[in-house]
1. Looking at ALA233, ALA241, ALA219, which one is touching a helix residue (DSSP H, G or I) at 6+ places or on another chain (Cβ under 7 Å) and assigned to a helix (DSSP H, G or I)?
2. For the stretch 175-189, what are the residues that are open to solvent by less than 50 Å² (accessible area, probe 1.4 Å), part of a helix (DSSP H, G or I) and touching a residue at least 60 places away in the same chain (Cβ under 8 Å)?
3. Any idea which of (1) assigned to a loop (DSSP other than H, G, I, E, B); (2) touching a strand residue (DSSP E or B) at 6+ places or on another chain (Cβ under 6 Å) is the one ILE193 doesn't satisfy?
4. Could you list all residues from the stretch 140-166 that are open to solvent by less than 40 Å² (accessible area, probe 1.4 Å) and assigned to a loop (DSSP other than H, G, I, E, B)?
5. Can you tell me which residues in the stretch 64-97 are of a type in the set (D, E, K, R) and either outside any strand (DSSP E or B) or without any contact (Cβ under 8 Å) to a residue 12 or more places away in the chain (or both)?
6. Among the residues of the stretch 113-128, which ones are closer than 18 Å to LYS44 by Cα and in a strand (DSSP E or B)?
7. Let me confirm something: among VAL83, VAL66, which residue is among the β-branched types (Val, Ile, Thr), modelled with pLDDT of 95 or more and crowded, with 18+ Cβ neighbours inside 10 Å?
8. Does the stretch 196-210 hold any residues that are part of a loop (DSSP other than H, G, I, E, B) and buried (at least 17 other Cβ atoms within 10 Å of the Cβ), and which are they?
Amino acid sequence: MAEITAATVKELRERSGAGMMDCKKALNETNGNIEAAVDWLRTKGLAAAAKKSSRTAAEGLVGVAVAGTKGAAVEVNSETDFVAKNEQFQDFVRSVTAIALESGAADAGALADQAHPKGGSVKDVLTNNIATIGENQSLRRVEQVSVSKGLIVDYVHNAAAPGLGKIGVLVALESEAPADVLQTLGKQIAMHIAAAFPLALNADGIDPDLIERERAIAAEKAAESGKPAEIVAKMVDGAIAKFAKENALLSQLFVIDNKTPIADVVAKAGKDAGAAIALTGYVRYQLGEGIEKEESDFAAEVAAAVGAA
């Protein structure tokens with residue numbers, strides 16, 4: 001058995017673009033022969049997948065799944081919306097969401113390591129999909145939500161397929177109220193969340209850094225009024241209170257009537273059902289949020305390709 005050195009692994013990585021562990025495995029499989037290892041990686045689709053990894057994957061699908069008192073949301077990205085309509089890609093997102101729900105995986109890394117029904121791990125199946133579909137794809141994030149009693153309700157806005165779409169929502173309702181009552185309430189709140197995009201369940205949950213940025217903006221605006229410092233301070237506090245009220249789910253006005261706070265909607269539903277209902281959490285995944293897409297200049301790409309020919 002030939003000795004597999006760090007330098008050899010490095011050289012194979014540079015030539016193939018594959019990951020370090022995949023390169024090491026390829027060299028072990030080919031007795032240290034770099035040329036054979038490159039071919040081994042190509043046959044496994046690993047080199048092709050790695051070469052595509054530099055391309056931005058900001059399309060794809062969000063998947064949601066529930067089972068009574070627990071639910072999971074997953075985002076899997078692709079480079080183009082076309083791939084999101086691919087049956088192989090949809091089946092993968094659907095299966096991975098089910099795996100997330102069953103396993104309780106806390107993050108994308110843990111989910112990627114879970115066993116997949118097609119054989120190997122979730123990561124292995126994803127790598128194969130990248131090679132066969134021909135686009136970079138990534139398992140971006142996963143989130144779990146649960147209640148001890150009650151119901152988790154899911155909703156997908158403009159679903160591309162059952163449980164799959166570009167905006168997925170989970171709502172956690174802790175209660176002993178009948179399931180049909182919780183399902184109806186949960187669906188209404190989930191639709192509100194999809195439309196209103198709350199930043200947190202309540203004001204205390206809003207990112208402190210975001211509050212500070214808003215405070216700085218409000219202070220600058222208030223200072224322009226020329227009013228005394230104590231008045232300016234009250235203006236800033238008022239602006240922050242308004243910001244928190246408008247962006248915390250429980251204090252947002254219900255989109256259906258635009259006048260009732262969500263907390264009151266939940267309280268009334270509990271009163272009508274004869275059992276207290278608590279909205280204890282939610283998940284809202286919107287496809288690609290936070291990803292900076294690369295601007296594509298098609299004419300420039302064509303010119304570059306012609307020049308390189």
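The values are calculated or read from the model by the stated rules, or taken from the named source; none is laboratory data. This is a predicted model, so every value here is computed, not measured. Heads up, the Cβs are rebuilt from the backbone with ideal geometry, glycines too, and the neighbour counts pull from every protein chain shown. The protein model used for the area step is the full one, side chains on, heavy atoms only, and it has no ligands, DNA or RNA in it. Shrake-Rupley method; radii C 1.70, N 1.55, O 1.52, S 1.80 Å.
1. Values: ALA233 fails: touching a helix residue (DSSP H, G or I) at 6+ places or on another chain (Cβ under 7 Å); ALA241 fails: touching a helix residue (DSSP H, G or I) at 6+ places or on another chain (Cβ under 7 Å).
That would be ALA219, the only listed residue that is touching a helix residue (DSSP H, G or I) at 6+ places or on another chain (Cβ under 7 Å) and assigned to a helix (DSSP H, G or I).
2. Of everything in the stretch 175-189, those that are open to solvent by less than 50 Å² (accessible area, probe 1.4 Å), part of a helix (DSSP H, G or I) and touching a residue at least 60 places away in the same chain (Cβ under 8 Å) turn out to be VAL181, LEU182, LEU185, ILE189.
3. Result: ILE193 passes all but (1).
4. VAL147, GLY163
5. In the first step, residues of the stretch 64-97 are kept if they are of a type in the set (D, E, K, R); the result is 70, 75, 79, 81, 85, 87, 91, 94.
Answer for the stretch 64-97, where residues must be of a type in the set (D, E, K, R) and either outside any strand (DSSP E or B) or without any contact (Cβ under 8 Å) to a residue 12 or more places away in the chain (or both): GLU79, ASP81, LYS85, GLU87, ASP91, ARG94.
6. Residue satisfying the conditions is SER121 alone.
7. Working: VAL83 fails: modelled with pLDDT of 95 or more.
After ruling out the rest, the residue left standing is VAL66.
8. PRO198, LEU199, LEU201, ILE206
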